[in-house]
Amino acid sequence: MMKKEEGRVTALTQLEQLTRLIQKYQKSYYDGEAEIGDAEFDLLWDELKALDPANPILKKVGADGVSNTAGTDGFPKAKHRIPMGSQEKAANPEEFRAWAAGEGRRFIVQYKLDGASLELQYEKGGLVRAITRGDGITGDEITANALRMGGVLPALAAPFSGGVRGEVVMTHAVWQEKYTDKANCRNAANGIMRRKDGAGCEDLKLIAYDAAADGDDGFFKDEKQKIAWLEKQGFEVTVTKEFSDPSEVIAYRAEVAAMREYLPVDIDGLVIKDPATDMSDLRKARPEKQIAFKFDLETAFSILRAVEWSESGATYTPIGVVDPVRIAGTTVQRANLNNPDMIRSLGLMIGSAVSVVKRGEIIPKIEGLAPEGALPAGSLPAEKTAILFPERCTSCDTELVDGGTRLYCPNPGCPKRLLHRLEKWVSVLDIRELGEKLIRQLFDKERVRQIADLYTLEPEELAEYERMGELSAAKVIRHIRTLRTLSLAAFVAGFDFEGVGETIMDKVAAAGFDTLDKLRAAPVEELAAVYGLGEITAGTIALSLTETHDEMDRVLAGGIISIAAPPAADTQPLRGKSFCFTGELVSMKRGEAEEKIKALGAQAKSSVVKDLSFLVTNDPESGSAKNLKARKLGVAIIDEGQFLELLKNPGGGSDSVKKGEQGELF
Ligand SMILES: [Zn+2]
């Protein structure tokens, strides 16, 4: 099919832009001041390869053909013993499977360290030279600097002549302590190792992953033997595993990706190698018997094209619409902007270049403006325009209030707000049988407008909705009418006060406003004085308590819902402890389990955090992200049986509870 003329012009321009961008980044990378991450650079590289496979810059390895700057001119040049070619890359499981195809293969899998490559050259066991990557054939000789680094051995146990290859890295701990002015560990390591005076090299270390003996290609027969030999000489070596199935490698990559932020050094993927060492392959510009299996990219740059306002209850949340970018394996076009203050503090406009991030399972968000030069100048719009904020509620036409951290409709009778309150109540009580669709139908027919209306529903009328059978209607009603005793915090949070969740209400209750009566009588100034609350939130609580006064009374008068009496200190044996639940429980719903631990003074958390006391799961050995994180953080992981035991005997600190790696129980 013929393409339109403009289409071709665009493609050409895109190609030129891409080429220029790659050259620019290549130069900055080899000058030791990389502006973008490896993963991002690789995406550009792959895109160029796809658009124009014959492009000459794809043939060059390293900074060849790019003029050097003064920073590296001072070092003498030296040739590598093992040429440092470029690695083939797999960006996703499909590409990896394509490479890994074949019967009976085994795979050596190593952490791909994200630092700066260095080759150490030995003569009869003595270090004679250390050479940076350079163009892959020739690099800078930085021997004096290398000798100041950790892990660089001046002499080996064996009278070995040849090269040892490793990655110069900075640990997160060192970066955190001394180098937070550098964008990341890799930038810091790259800059420091090329300093003429060698200052700071003692903050770096070398982790080895490869070696080759001069004139003896048979010295190393396989990669495992090679790693063992390196270790025996005294090198720290990269983490190495062996797998026999590509699926195992893919699962391992996901596992490592989930925990990599807790590793001491940065890694940006895995290197997969054939177990048998093949020197002739290693000498190729692009060795075929190994591949870099990268992690998904987490940050990308794009242009903000529009802002949409997502409505949830009374709140209007800005969502940025950006030019599509690939992040973490998916194409992102919409990213969260949080609130009006965020837009103002970043000075965002339609047309701004922005950085979009997606970490873990979190939805993508716009984190800030993109750094200068992150996007090609030609791609930026000539004009920027202001972001417009909606002025009136789409549901009731009331003028919206811009509260800085929240743009919202202040009308207490706003239909959107009432519906949201019902949904919130159902979610706080975890009445899953009462689905969102059914609530909306009941709301639209004006059968249920307030929470108290839920408790007047009869099975017969429900059966008319959603083609619901009598049995399931009865089941829904049974769940609605299950007697429940809620903490004051949960009860109030269920009424969906704007921006006031259960955590805030827990603080209020802990400050002594621990019954509904005391709360209603509390002066705003006293509420505002509760730690972390502030005047605005206190004002919202006071106003909302007035607005929902009658509705709350109606709910309590129904006799199904009651508020737990304020706990005496000695009835809170789990005070100070926190629990996170993952997966289904057998004996109760998650919501009930959370109520039970709260009644004993503990907190419920939705994610695994550093100070979490327990992760409760019925599959403690699973490789789920929560499990891995808990193990890494040393959080105690317990199963349902142990959890029930703990509820029965909360003060006991049961022996049967399994400790995490560094876990402390009580
Ligand atoms: Zn409204």
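The values are calculated or read from the model by the stated rules, or taken from the named source; none is laboratory data. What you are looking at is a predicted structure, and each value in this text was computed from that prediction instead of being measured. Note that each Cβ is placed from the backbone with ideal geometry, even for glycine, and that neighbours are counted across all protein chains shown. Side chains are part of the model used for accessible areas, which takes the heavy atoms of the whole protein and leaves out ligands, DNA and RNA. Shrake-Rupley method; radii C 1.70, N 1.55, O 1.52, S 1.80 Å.
Okay, here's what the table says:
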quantity	calculated
Dipole of the chain, positive end: most advanced residue of 56, 309, 44 [Cβ charges, Cα centre]	56
Potential extension, residue 507-residue 471 segment - 0.36 nm per residue separation minus Cα distance	8.8 nm
Contour minus Cα-Cα distance for residue 440 and residue 225 (0.36 nm per residue)	70.9 nm
Calculated FRET value between residue 572 and residue 479, using beta carbons and R₀ = 25 Å, to 0.05	0.30
Contour minus Cα-Cα distance for residue 172 and residue 610 (0.36 nm per residue)	156.0 nm
Area accessible to solvent at residue 106, 1.4 Å probe radius, in Å²	110 Å²
Charge sum, other residues only, whose C-beta stays under 10 Å from residue 205's C-beta, Lys/Arg counted +1 and Asp/Glu -1	-4
Dipole magnitude of the chain, debye to nearest 20 (Cβ charges: Lys/Arg +1, Asp/Glu -1, about Cα centre)	1200 debye
Solvent-accessible surface (1.4 angstrom probe) belonging to residue 202, in square angstrom, nearest 10	100 Å²
Protein accessible area in segment 445-520, 1.4 Å probe - carbon and sulfur %	50 percent
Whichever lysines have a C-alpha closer than 18 Å to that of residue 77, once near sequence neighbours (fewer than 8 apart) are set aside	27, 196
Most to least accessible of 456, 537, 503 (protein chains only, probe 1.4 Å)	503, 456, 537
Accessible surface, per residue, of the chain when the full set of protein chains is kept, probe 1.4 Å, Å²	48 Å²
